[in-house]
Amino acid sequence: MSHSSIPSPATAHKSENLSGTIRVPGDKSISHRSLMFGGLASGETVISGLLEGEDVLATGRAMAAMGAKIGRDGEKWRVAGTGNGALLEPADALDFGNAGTGCRLTMGLVGPYHMTTRFTGDASLSRRPMKRVLDPLRQMGVAVEAMEGDRLPVTLRGPKAPAPITYRVPVASAQVKSAVLLAGLNIAGTTTVIEPVMTRDHTEKMLAGFGAQLDVEEDASGVRTIRLEGQPDLKGRTIDVPGDPSSAAFPLVAGLIVPGADITIENVLMNPTRTGIILTLQEMGGQVDIVNWRDAGGEDVADLRVRYSELKGITVPPERAPSMIDEYPVLAVAAAFAEGETVMDGLEELRVKESDRLAAVARGLEANGIDCTETEACLTIRGTPSGKGLGSGTVETHLDHRIAMAFLTLGLATEKPVEIDDSTMIATSFPQFFDLMGQLGAKIERTGAASQ
Ligand code: S3P
């Protein structure tokens, strides 16, 4: 869907005693991959717990445009795939809306197909760099037409005989790693990805589950070499998508900063490539108890009990960034209530997310009276534990769902309300955000079109 729709501002007010037990929607990364790999594999894939956010639905529409049959069946989604190597040329451009993951992974997936595929997106996605994915595709022989700076709209024309490559990922990015591996699915021979810094490993794990031959080697310094044998026979399977830790992060931080809060978030994905935020909040003194740790279809999940805590500022190790890259906006909110200074470094990738998140967070904090310093790749925040004098600003969200949710979380503990200019983008990743936060007792009101 496009976001030319009317902005819907929202305001968060100081709240107390948040309490209750909730489940956040399915993990976004796993949901995208479930529809993508299910749409590619032969036979049926049955998915429960799929995130029905706009980003994921855009990926579903793209797979359907290339021949997969995708439908909802009660609580589950059923996908009948085309068989690996048998995607069809889409009649129209694939519109990924706001979704970088869907767009970049699909570019990899279809790049080597001997067909023409066009990719479009909303204003935010059209500003984001695609070169990181297009460069390896070019090395495989894919012809690329793109706007200046390798931006959308992009047209890919796959060669008759794509070549397998060995690719060292130049930025810590699971999307780039995944795009290269997915391209390798339709190329004869071995595609190799070298990943100097480990990022989320859902593509490797899930592709193996669908029957791909992958070999992962890690050297003493943590550099991973992933080898994928091309043209595997992929077979449909059953997937239970665990709750998204990146969505859980909002009620998690709300629980820590709202006096008297005691909440439980059930069934959260605990894959270690995703849990940096929990560790960091614990190091800040946050009472986050991880209970009922269990295996759910090959991924660890647990319930998180979180209680209001007196937080202290820390220096977040930069090497932890890949395991919490989407959580920095809401971590900044926790830091705003921590005693002392919180230093977050190694954040250059935040500048190329759905918005320039480093700048968007710094401006939003400043607008609400929070003292912070922004440099090229670092944000330092000096907190006010009582929240006194904070708030009353309006935050520009720049079509970024996580900026919107982070600042609504901020307003639950500041003395004065916090307004965001638009909340419509929240539907891309966490459509139940308002309902679930309301259930916990959070005072958030939507004041625009979506509220009517
Ligand atoms: C994702 C990878 C990350 C993350 C994004 C989801 C994925 O992006 O920020 O929200 O599902 O592979 P990068 O690959 O750019 O780090």
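The values are calculated or read from the model by the stated rules, or taken from the named source; none is laboratory data. As the structure is a computational prediction, the values presented were derived from the model and not from experiment. Backbone-built Cβ (ideal geometry, glycine too); neighbour counts: all protein chains shown. Calculation scope for accessible area: heavy atoms of the full protein, side chains included, ligands and nucleic acids excluded. Shrake-Rupley method; radii C 1.70, N 1.55, O 1.52, S 1.80 Å.
A few points about this structure:
- Backbone geometry of region 147-152 corresponds, through the Karplus equation with coefficients 6.51, -1.76 and 1.60 at θ = phi - 60°, to 3J(HN,Hα) couplings of 6, 3, x, 6, 9, 5 Hz, x marking Gly and Pro.
- What you get for region 192-260, charging only the Cβ of Lys and Arg (+1) and of Asp and Glu (-1), is a dipole of about 260 debye around the Cα centre.
- Whole-number Å³ per residue for the convex hull built on Cα positions in region 215-267: 152
- Relative contact order of region 28-240, taken over Cα pairs closer than 8 Å and 6 or more residues apart, is 22 percent.
- Backbone amide hydrogens, once placed in the peptide plane, bring Leu94 within less than 5 Å of Arg118, Phe119, Thr120, excluding anything fewer than 5 places away on its chain.
- Cβ-placed point charges (K, R +1; D, E -1), dipole of the chain about Cα centre in debye, nearest 20: 860
- Within the accessible area of the chain (1.4 Å probe), percent carbon and sulfur: 49
- Shape class for region 69-111: oblate, because the ratio a/c of the largest to smallest gyration tensor axis (alpha-carbon atoms, square roots of eigenvalues) is 1.5 or more and b/c is at least a/b.
- Here the simple spin-label model places points 7 Å from the Cα toward Cβ, and for Asp435 and Arg78 these points are separated by 2.4 nm.
- DSSP-defined beta bridges in the chain - what % are antiparallel, rounded to 5: 75
- From phi via Karplus (6.51, -1.76, 1.60), per-residue ³J(HN,Hα) for region 19-34 in Hz, x at Gly/Pro: 8, x, 10, 10, 10, 8, x, x, 4, 5, 4, 6, 5, 4, 5, 4
- Normalising the average separation of contacting C-alpha pairs (under 8 angstrom, six or more residues apart) by the number of residues puts the relative contact order of the chain at 21 percent.
- The charge dipole of region 28-240, taken about the Cα centre with unit charges on the Cβ atoms of Lys, Arg (+1) and Asp, Glu (-1), comes to about 240 debye, rounded to the nearest 20.
- Solvent exposure, largest accessible area first (probe 1.4 Å, DNA, RNA and ligands not counted), of Thr275, Thr409: Thr275, Thr409
- For region 52-92: relative contact order, % (alpha-carbon pairs under 8 angstrom, 6 or more apart): 35
- Solvent-free Debye scattering, log10 I(q)/I(0), computed from the Cα coordinates of region 314-452 at q = 0.09, 0.14, 0.20 Å⁻¹: -0.24, -0.60, -1.22
- D_trans [Stokes-Einstein, Kirkwood Rh over alpha-carbon pairs] for region 28-240, 37 °C, 0.692 mPa s, µm² s⁻¹: 195
- With DNA, RNA and ligands ignored, accessible area of His13 (1.4 Å probe; Å², nearest 10): 60
- Counting heavy atoms of the protein chains alone, Ser355 has an accessible area of about 10 Å² for a 1.4 Å probe.
- For the chain, convex hull of alpha carbons as volume per residue, Å³: 126
- CD proxy at 222 nm, helix term only [per DSSP H run n ≥ 4: -39500 (n - 2.57); per residue of the chain; nearest 500]: -8000 deg cm²/dmol
- Surface accessible to a 1.4 Å probe, per residue, for the residues of region 177-216, Å²: 26
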